[in-house]
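The values are calculated or read from the model by the stated rules, or taken from the named source; none is laboratory data. Quantities reported herein were computed from a predicted structural model and do not represent experimental measurements. Positions of Cβ are backbone-derived with ideal geometry, glycine not excepted, and every protein chain shown enters the neighbour counts.
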Amino acid sequence: MLPLNAIIVRINEESPSIRTFFFDLQFETMKPGEFVMVWVRGVDEVPMGLSSKNSITVQKVGEATSKLFELKEGDSFGLRGPFGRGFSLPSKEEKILVIAGGVGAAPLAPYAEAAHTAGSEVHTVLGARSAGDLIFEERFAEAGNVYISTDDGSKGKKGFVTDVLSDLNLSVYDKIAVCGPEIMMASVFRLLEDKKVLEKSEFSLHRYFKCGIGVCGACCIDKAGLRVCKDGPVFSGVQLLDSELGKYMRDASGRRVKI
Ligand SMILES: Cc1cc2nc3c(=O)[nH]c(=O)nc-3n(C[C@H](O)[C@H](O)[C@H](O)COP(=O)(O)OP(=O)(O)OC[C@H]3O[C@@H](n4cnc5c(N)ncnc54)[C@H](O)[C@@H]3O)c2cc1C
């Protein structure tokens, strides 16, 4: 599949290190949690979740994302996709808990919106390092209740999303959707396991992708050998029992890197 050419029509600065790039293509049938392979010409092709049917929301962490941050309106990048398995869409009258950390809010904002539109009751726990790093608070607030945590206490509860979760009755939710830094997701995973609600949960994983379509095996996770790009990136909590989550991931050469 050749990449489509996506022209940037608007750029929103969400935080000092996170920007949303709106483009001139519309992925009308995309499911929240699905991703696109973004071809940053001359640099690399990297996976990004869709933050809406016509946007990606990018955190500047390295070479490709720094190059994306140099692009202006009217510039373009290549896009393949959408690919992968997204979050299970809720039905009417379900109670949904969304747990988002940092740029992990990107695929979860359209999920919260889709759940709200479907008639579900949506509660979001939104965490970040500090108030200025919180993204999409308004989008989550339009979909339902929002509980905030910041590491430094500059907004909401001081601490981590797990500190907010400890105060909630998790048994009332029908579905729990999680995306954020792996350390955060591993802590949430343990907490959901302790509270015996893991079977209601889904986690969106980040791994190093090459092909993005399930052929090369670069993103396989231990022990089951699931391909994050094709079998995921969204997995049920039960699928991740006894997996490498929170322990290690593999780099471009396949070597294990401790988390
Ligand atoms: C399915 C999927 C969906 C994704 N969705 C998004 C998204 O919506 N928005 C987004 O910003 N990113 C997302 N990512 C992560 C994104 O693909 C990487 O951040 C990107 O590939 C980094 O490329 P780079 O060349 O800029 O950094 P590299 O040069 O490859 O890495 C530079 C340094 O940053 C570290 N690094 C790499 N990725 C991350 C990370 N995610 N967080 C912190 N440190 C990191 C590396 O270990 C390395 O030390 C997603 C990943 C997957 C697999």
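What to note about this one:
- Count of residues meeting criterion [at pLDDT 95 or above, polar (S, T, N, Q) and either part of a loop (DSSP other than H, G, I, E, B) or closer than 16 Å to PRO90 by Cα (or both)] in the stretch 164-181: 1
- Candidates are the residues of the stretch 190-206 that are of a type outside the set (A, V, I, L, M) and buried (at least 18 other Cβ atoms within 10 Å of the Cβ); the one that is farthest from the ligand (Cβ to nearest atom) is LYS200.
- Subset tally (residues that are away from the ligand (no atom under 11 Å from the Cβ) and touching a residue at least 24 places away in the same chain (Cβ under 8 Å)) for the stretch 60-74: 4
- Hits in the stretch 233-259 (condition: closer than 24 Å to MET37 by Cβ, touching a residue at least 24 places away in the same chain (Cβ under 8 Å) and either part of a helix (DSSP H, G or I) or within 14 Å of the ligand (Cβ to nearest atom) (or both)): PRO233, VAL234, PHE235, LEU240, LEU245, MET249, ARG250, ASP251, ALA252, ILE259
Every residue, every condition in (1) modelled with pLDDT of 95 or more; (2) crowded, with 18+ Cβ neighbours inside 10 Å; (3) within 17 Å of the chain's Cα centre (by Cα); (4) of a type outside the set (D, E, K, R), yes or no:
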site: SER88; (1), (2), (3), (4): yes, no, yes, yes
site: LYS92; (1), (2), (3), (4): no, no, no, no
site: ALA100; (1), (2), (3), (4): yes, yes, yes, yes
site: ALA106; (1), (2), (3), (4): yes, yes, yes, yes
site: ALA114; (1), (2), (3), (4): yes, yes, yes, yes
site: HIS123; (1), (2), (3), (4): yes, yes, yes, yes
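- Matching entry among GLU70, GLU138 (being among the charged types (D, E, K, R) and assigned by TED's automatic domain parsing to the domain that holds TYR173): GLU138
- Restricted to the stretch 223-258, and to residues there that are among the charged types (D, E, K, R) and loosely packed, with under 15 Cβ neighbours inside 10 Å, the residue that is farthest from MET48 (Cα to Cα) is ASP242.
- Search result, residues across the stretch 25-59 that are farther than 16 Å from ASN5 by Cα, touching a helix residue (DSSP H, G or I) at 6+ places or on another chain (Cβ under 9 Å) and more than 12 Å from the ligand (Cβ to nearest atom): MET30, LYS31
- Take the conditions (1) surrounded by 14 or more Cβ atoms within 10 Å (Cβ to Cβ); (2) within 16 Å of the ligand (Cβ to nearest atom); LEU165 misses just one of them, which is (2).
- In a residue-by-residue description of the stretch 19-26, the property of being crowded, with 23+ Cβ neighbours inside 10 Å, of a type outside the set (Asp, Glu) and under 30 Å from LEU165 (Cβ atoms) applies to no position.
- Only one of LYS155, LYS175, LYS92 that is touching a strand residue (DSSP E or B) at 6+ places or on another chain (Cβ under 7 Å) and without any contact (Cβ under 8 Å) to a residue 40 or more places away in the chain: LYS155
- The stretch 195-217 residues that are farther than 23 Å from PRO32 by Cβ, paired with ones that are of a type outside the set (Gly, Ala, Ser) and assigned to a helix (DSSP H, G or I) (beta carbon under 8 Å, 6 or more apart): LYS195/LEU170
- The requirement of being touching a residue at least 40 places away in the same chain (Cβ under 8 Å), away from the ligand (no atom under 12 Å from the Cβ) and assigned to a strand (DSSP E or B) is satisfied by PHE77.
- When residues of the stretch 211-229 are limited to those that are within 13 Å of the ligand (Cβ to nearest atom) and part of a loop (DSSP other than H, G, I, E, B), the one farthest from ARG85 (Cα to Cα): ALA218
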